[in-house]
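Here the structure comes first, spelled out in structure tokens, and everything after it is commentary.
The values are calculated or read from the model by the stated rules, or taken from the named source; none is laboratory data. As the structure is a prediction and not an experimental result, all values here were calculated from the model. Heads up, the Cβs are rebuilt from the backbone with ideal geometry, glycines too, and the neighbour counts pull from every protein chain shown.
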Amino acid sequence: MHDLDPTQSQLFIDDHIIAHQTLLQRVVHQPIRWSRVNPILTPDMPWESPSLAFLIAVYADEDIGGYRAWYMTQQSGHSVFCTAVSADGVDWTRPDLDFCRDFAGGPNNIMFTFPAACDQPTILRDPQDTERPWKIVFYSVGSYYVGHSTDGLRWTVPQNPDQALTASGYGDRGTALLAPGADEPYMVFTRDLEDARAHQLVRCICRLGSHDARTVSSSTMVLRPDLEDGPDVEFYQMSAFRYESVYVGLIKRYFKTEPTFSDIELAVSRDTHTWQRVRPRQAFFAPPPNAREIGAFDMGTVCPAPSPPIRIGDALCFYYYGSASFHGDRFMTHDRCFGIAKLRVDGFASLNASKNRPGQVTTRPFMCPGGKLMLNGLVYGGNLWGYDDLEEADGYLRAEVLDSDGQVIPGFSRHNARPLFKDTVGVGPVSEHAWLDASGLPRDLSSLQDRHIALRFLLRSAELYSFRIETDRDALRSAS
């Protein structure tokens, strides 16, 4: 039986949970820029000009009842680490910390400075480490450094190479990931310069693993451009985060064209060691199509923060930095600002069916925990009015349950299913799917608890993003 946990959202971002499918197409969905508010932060302070160099992280902050962002600028050979706060995740202000008054000549939001140029820091939230619950990982002068903090504001940061996490041999633009429970819970995705040279590549993705965030225990190449990419594509960096049942990677593809530009492609992993690029290899996040015509601040490059997206309401909010130019661009101005883009919950990719040719997908078998089947889907034209036969409906999304031999379990067939005929996000991020018993009353999966089952989803003019099974315990946890 398959080792999936159906109480977590099971995404159709890859084929991992799929036994077989017919007449469906996977589509990658892009976050939508919040043009009404972008850019949300610009280099307005003297210690920020001319650019907000890197967006480090954005997390919900329970202490302030809102959100906190961390970012870095560069001034006079120093890297300047700053913070901003927001009540709603949209409007941001700079708090007066009074930590580095002498550096800026007055009140400021600077947490600390580092006496050299740093590259793409990452802040990790590590609540299991009660002594060092916040960690910052950054590259400087050939090495990666790890600092720590008790509150995310007052930092202890190593100042010399003898205290570095790595020695030379790795490139810049690395990002860190914390994977609690993994064999190596701390890791950095960076560039192995020796391996890249051996394969005549300039930029590809290497994984550095660590047991304790103090020393590196392994180094493995995980992603390289291949024959489908062509000679003008390099992997500039990859950030990654845990999302429900998977690790999602955001590969920054560097196109060495004229003018140069970059976009973001999705990758996925279950163990952080083996990564698969999501097919089709569509851009997940990219500069706007008409960016140069409209003079968009992010017309040359976009790069999400290496922290996980934040759920606000029924949307995943991706905070990113954008610039009018990119590496090697002769018009480069380093004028980076920060923006926000929103994605449907679980909305990285969907399996789509057309109106003319309904499709279906069957999952691999798993142990049923009982409870409610919750679907995240979108149905077009799902109006049953005047139809006696469900097959005549313009669009639908429904499910049936199979036993361990692949046979439909009585009472849980497509004919008993109460299908969905609308966008489930219209009634919340997901909607319950049930079956009707002989009395016409809805039935969930409680009677199938501890049985091995598989699910078969049937779609017409619809999109299916994910499913999960909500038990009473899950519902109580969500309510609290």
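A single member of F261, F241 is closer than 20 Å to D172 by Cβ and out of contact with any His (no Cβ under 8 Å at 6 or more places or on another chain), and it is F261. Figure legend. Inter-residue proximity from segment 304-318: first residues under 17 Å from I40 (Cα atoms) and in the same structural domain as L55 (by TED's automatic domain parsing), second residues of a type in the set (A, V, I, L, M, F, W, C) and part of a loop (DSSP other than H, G, I, E, B), beta-carbon distance below 8 Å, spacing 6+ or different chains. Indicated pairs: L316/V345; F318/A305. Scanning segment 226-259 for residues being in contact (Cβ under 8 Å) with a residue 40 or more places away in the chain, more than 21 Å from T190 (Cβ to Cβ) and outside any strand (DSSP E or B) gives a total of 4. Entry remark, segment 405-458: residues being modelled with pLDDT of 95 or more, exposed (fewer than 13 other Cβ atoms within 10 Å of the Cβ) and hydroxyl-bearing (S, T, Y) number 1 in total. A count restricted to segment 1-41 and to residues that are in contact (Cβ under 8 Å) with a residue 12 or more places away in the chain, within 25 Å of E265 (Cβ to Cβ) and among the small types (G, A, S) stands at 1. Candidates are the residues of segment 210-250 that are small (G, A, S) and within 20 Å of the chain's Cα centre (by Cα); the one that is farthest from V345 (Cα to Cα) is S239. The combined condition, being touching a residue at least 12 places away in the same chain (Cβ under 8 Å), exposed (fewer than 15 other Cβ atoms within 10 Å of the Cβ), in a strand (DSSP E or B) and of a type in the set (A, V, I, L, M), is not fulfilled by A69.
Right, A182: under 21 Å from the mean Cα position of the chain (by Cα) and either in the same structural domain as M221 (by TED's automatic domain parsing) or of a type in the set (F, W, Y) (or both) or not? Considered against the rule, which asks whether it is under 21 Å from the mean Cα position of the chain (by Cα) and either in the same structural domain as M221 (by TED's automatic domain parsing) or of a type in the set (F, W, Y) (or both), A182 comes out as yes. In this structure, P287 qualifies as buried (at least 19 other Cβ atoms within 10 Å of the Cβ), assigned to a loop (DSSP other than H, G, I, E, B), out of contact with any helix residue (DSSP H, G or I) (no Cβ under 8 Å at 6 or more places or on another chain) and in the same structural domain as R336 (by TED's automatic domain parsing). Each residue in segment 133-150 was checked for being touching a residue at least 24 places away in the same chain (Cβ under 8 Å) and outside any strand (DSSP E or B), and 2 of them qualify.
T272 meets the conditions (1) over 19 Å from Y186 (Cβ atoms); (2) assigned to a loop (DSSP other than H, G, I, E, B); (3) not charged (D, E, K, R) in every case but one. The failed one is (1).
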